[in-house]
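Data first, discussion second: the structure below is written as structure tokens.
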Amino acid sequence: MASEKKNNKIPLWVNIVQAILILIMLGQVYMYFFNHQMMADSGISVNSVPMLNLVYEMGARTLVMAIASIFVMITQNPKQFLVVLLMNIVREGLETIIDPLYPVLNAPASPTADFWIHVVIVAIEILAFIAVYRISRK
């Protein structure tokens, strides 16, 4: 029974990747809810009620994803981890296309570099998904 429990353990590197993603999401939540100047610096105008509605909804959705990710990290349940990893892959996969096509003013990298950074991130997330999937099948 102890060996069965050990075989279902999420690898440390997957937890580290997930923790980094959670920190990024929480940073985004802070920006959406409390730091509209950071958004303005990136070229996003947040001076109308409809735009604030979108910004706060985006913050709420990102917060929910962060909370779900924290819950999954606490439980260490491989099947639940798969759901969170799949959400990460889809989100980052879409950002791989969106960010280079529509860069923000204060983007930390050129559109081409941003594309390749996202490709690496998505590849790591896919590897994490595969690792956890193999664990969940045991």
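Each reported figure results from applying straightforward, stated rules to the coordinates on display, with no laboratory input. Not measured: the values here are computed from a predicted model. All Cβ positions, glycine included, derive from the backbone under ideal geometry; neighbour counts span all protein chains shown.
Assorted remarks:
- Highest-fluctuation residue, Asp114, Asp99, Asp41 considered, GNM on the chain with Cα pairs under 10 Å: Asp41
- Relative contact order of segment 2-136, pairs being alpha-carbon contacts under 8 Å that are 6 or more residues apart, as %: 30
- Counting only Cα atoms, the size of the chain along its three principal axes is 58, 30, 18 Å, in decreasing order.
- Under 14 Å, Cβ to Cβ, from Ser69 - net charge with Lys/Arg +1 and Asp/Glu -1: 0
- When the square roots of the Cα gyration tensor eigenvalues are ordered a ≥ b ≥ c, the ratio a/c for segment 69-138 is 1.5 or more and a/b exceeds b/c, which makes its shape prolate.
- Each Lys and Arg contributes +1 and each Asp and Glu -1, all at the Cβ; summed about the Cα centre of the chain, the dipole is approximately 860 debye.
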